[in-house]
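Let me begin by presenting the structure, written as structure tokens, before commenting on it.
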Amino acid sequence: ALWYHTGGGQYETAAREIATQVAARQSEDGSWYRGAGTGGAADHAAPLQGGDHLDWPPAYPGAGAAGASHPGVVSSAVIGLLDMAEILACAEGIEAARRALDWMVSTQQDEGTWALPGAAGRALWGDGAFQGALALFRGYQRFDDDRYRLAGERAFDWALETWDRVGYIPAVVGLWPHDQSEGSLGYFYGLEAATLRRELGG
């Protein structure tokens, strides 16, 4: 955005370098860690939602050998990479976003959101459902892959149903006390996701 508005070449260079580094740290299965050290390996000191209720490294259901993937990191990376692709072409970033979207589709739970990695029991990632939906809608807009649109609609509908039933969207569903609080960031993404869904005709 800085390059687009100012024309400063240093911003273009920095944006391309960020996208290249993000793509280089992507796991083979298409996901990313919640935190990574300088070499790209999982940062075992990285804090995760749920604190002591989580094991490290978390084993994400359906993840590859890396096993420390986090759906929030994946969806935010997709959103950033595809936003950038609207302004600056970066082949590595676009390909990384596509692999990540495939990961999101393959690990989406039956309910429509994603399991929180490493959580005791079968906790679900609540406040990120709208964020995941937005990433998938952006993916459909870019790649015209119906799997992304349908997965995004499932995530969006789950968030709305939970909101109507509980009165808010818990930060983490099924993990006390984190299911007693909500994350406002999720609603910010919800506004974007709702607008894009309407533009896509959903």
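Roughly speaking, to the nearest percent, how much of region 99-159's 1.4 Å accessible area is carbon and sulfur? It would help to have the intermediate numbers written out before the result.
On the way: 830 of 1980 Å².
Percent of accessible area from carbon and sulfur atoms in region 99-159: 42.
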Amide H proximity to Ala115 below 5 Å, modelled H, separation 5+ or other chain, gives Gln109, Trp125
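Quick check on packing: order 88-101, 14-27 by the mean number of other C-beta atoms within 10 Å, highest mean leading. Could you put the intermediate results ahead of the total?
On the way: 88-101: 19.6, 14-27: 17.2.
Highest mean packing first, the order is 88-101, 14-27.
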Place the peptides 75-82, 139-146 in order of packing, highest mean first, counting for every residue the other Cβ atoms within 10 Å and averaging per peptide. 75-82, 139-146
PRE zone check, label point 7 Å out along Cα-to-Cβ of Arg122, amide N under 14 Å, scope region 163-184, hits 173-175
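The values are calculated or read from the model by the stated rules, or taken from the named source; none is laboratory data. Keep in mind that this is a model prediction, so the values were computed, not measured. All Cβ positions, even for glycine, are placed from backbone atoms using ideal geometry, and neighbour counts span all protein chains on display. These area figures cover heavy atoms from the full protein model, side chains too; ligands, DNA and RNA do not enter into them. Shrake-Rupley method; radii C 1.70, N 1.55, O 1.52, S 1.80 Å.
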